[in-house]
Each structure stands twice: as C-alpha cells, then as structure tokens.
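The values are calculated or read from the model by the stated rules, or taken from the named source; none is laboratory data. Because the structure is a prediction, the values reported are computed rather than measured. Virtual Cβ from ideal backbone geometry, glycine too; neighbours counted across all protein chains shown. Quick note on the areas: whole protein, heavy atoms, side chains included, nothing else; ligands and nucleic acids left out. Shrake-Rupley method; radii C 1.70, N 1.55, O 1.52, S 1.80 Å.
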Amino acid sequence: MKKYISWFIAFLALVVADQLTKWWAVIALKGNDGITIIDGVFRLMYLENRGAAFGIMQNKRIILLITAILILIFLVYLFIKIPDLSKFKPLKVVLVVIAAGAVGNMIDRIVHGFVTDFFYFELINFPVFNVADCYVVVSAIAAMLLILFYYKEEDLETIKNGK
C-alpha cells in the first residue's frame, strides 16, 4: 500500500489544481465577456457544460457519472496490474493524469450539475474546455504514443499477464 502513496498525492494535487482553476473561472469570468489573451485567437470565458466533450450528451448527468466511475475502476485496475518497473513509470503517470481529469470533471457534475469550462480558441471556434479536459486529452495521446512507439509487444504482454 505504501508504494501507492506518492501516486495518490500526485493524483490529489492534479485534482486540486483543476478545481482551483475552475473556482478562479467562476470568480473572474462568470457574468462577463471573459478575458482576451490573444485578440481573435484565444480567450478565457466562463461556460457551464452540461454534457460531455464538445457538448455531446447534454443533460445526461447520470450516464456521464456512471461512465466516469467505470473508467476510473478500469484505470485503477490497470494501474495496479502494471509492474513497478521504471520502464512502466511513464504509463503509470499517464493513467494518474487521466484519472485526475476524470475525477475533476466528475466533482463538477456531482457538486454543480455541470462542468465549468473556460479555455476558448476563438480562431477555430473550438469548444470551450478546462484543465481536466487537458489532462485527459494530452494523457490519452501520450498513452497512444507510448503504446505505439515506446513499449514493445513483450512489454504489453508483461502488463497483460501482470508480472
């Protein structure tokens, strides 16, 4: 159990960072036009997202919460199954960051009934997102790159067999 404490502290730190940014967004951005960082390109603006990525599944809170819980269970299972070898540390980092993103948005859904978003790439009219979303997307891409280019087939077999 001791071997998981530092991982859990990192997870909590990431969740707290996400929640602090959302708290700041409510205080600084709610009720106004936001803050322009680069005119016509990037802006901070408050948005209450009652759906998932890109606003899909609007007002499907219970389904989104159940999905997040199932994903977390899978991530914890996978994390425990991965051997405690330095070679697998990058993959464990990725899993912790994805879990922190999932929990950060899950907290919003439970407490507020929506997820607080505030990053907006105006230039391409990209959907508004938050720090937890960044955790999930960047880590998912990192996981794919690790699996495709870093780990060999025998490494993946080692994970599969839990050795």
Inset, instruction - Could I have the simple spin-label model distance between residue 150 and residue 37, label points 7 Å from Cα toward Cβ, reported in nm to one decimal? - result: 2.5
Inset, instruction - Take the Cα atoms of the chain, build their convex hull, and give its volume per residue in Å³. - result: 134
Inset, instruction - Run the accessible area of the chain with a 1.4 Å probe and give the carbon-and-sulfur part as a rounded percent. - result: 72
Inset, instruction - May I ask for the Kirkwood hydrodynamic radius of segment 59-138, worked out over all distinct Cα pairs and given in angstroms to one decimal? - result: 13.9
Legend entry - Listed residue (85, 72, 126) projecting farthest to the positive dipole end of segment 1-128, Cβ model: 85
Inset, instruction - Could you tell me how many degrees, from 0 to 90 and to the nearest 10, lie between the Cα long axis of helix 61-81 and the main elongation axis, the longest principal axis, of the Cα atoms of the chain? - result: 30
Inset, instruction - Calculate how steeply helix 89-111 sits against the longest principal axis of the alpha-carbon atoms of the chain, using the helix alpha-carbon long axis, and give the answer as 0 to 90 degrees to the nearest 10. - result: 40
Legend entry - Within the chain, helix-based [θ] at 222 nm, where runs of 4 or more DSSP H residues each add -39,500 (n - 2.57), nearest 500: -19500 deg cm²/dmol
Inset, instruction - Note the angle between two axes, namely the Cα long axis of helix 131-145 and the longest principal axis of the Cα atoms of the chain, as a number of degrees from 0 to 90, rounded to the nearest 10. - result: 40
Inset, instruction - Would you mind checking which residues have amide H under 5 Å from residue 118's amide H? H placed 1.01 Å from N; only 5 or more apart, or other chain. - result: 129, 130
Legend entry - Residues of the chain: accessible area per residue with a 1.4 Å probe, Å²: 61
Inset, instruction - Would you mind checking 60/92; 2/152; 2/87; 3/87; 2/92 for any pair whose Cα atoms are more than 26 angstrom apart? - result: 60/92; 2/152
Legend entry - Pairwise label distance in nanometres, residue 6 with residue 28, each label 7 Å out on the Cα-Cβ vector: 3.2
Inset, instruction - Pop the C-beta distance of residue 60 and residue 81 into the FRET formula with R0 = 22 Å and round what comes out to the nearest 0.05. - result: 0.15
